[in-house]
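Nothing in this text is a laboratory measurement; each read-out follows from the coordinates by a stated rule. Treat the numbers as computed from the prediction; the structure is a model and nothing was measured. FYI the Cβ positions are ideal-geometry reconstructions off the backbone, even for glycines, and counts take in every protein chain you see.
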Amino acid sequence: MGDAGEGGGDPPPRPEVTQALIDSAFFGPAKQYVRWDTGLHEVFVAAVEELGGAHAAKPAVIRERMGISLLTTAQVKSHLQKYRIRVVAEGKASDAATEAQARCGSPAGNPGTLRWMPLAHA
């Protein structure tokens, strides 16, 4: 059940891994720290989505798919854990908002139907 897009066409192109991207991401003694800037995170997300999503993808396979040899599996694993927490938190927030809208805007007795009510002008 992979999402290949609304129209069922080709998946979006993978972000390009450039030397500038790699140079901006790794710093510190022996380049042990990784700065997950937007470009590197986009490459990560593309790899995760290709592998079936945040809960199906495994760190070692993500690392291989990203094609950045300086990354360690431990660094990818740590980022994946943070990414999973964010994805779950966003999903819960979205579910809660949808539930609240359904409770507040639906007629009594039919909680699944949303309705629009114009404001009365004085």
Discussion item. Using a 7 Å offset from the Cα along the Cα-to-Cβ direction at both residue 51 and residue 86, what is the distance between the two label points in nm, to one decimal?
Written reply: 1.7
Worksheet item: So, in nm, how far is label residue 78 from label residue 14 when the simple model puts each one 7 Å beyond its Cα toward the Cβ?
Response: 2.4
Worksheet, complete the sentence: Once both label points are put 7 Å beyond Cα along the C-beta direction, the residue 94-residue 64 separation in nm becomes 2.9
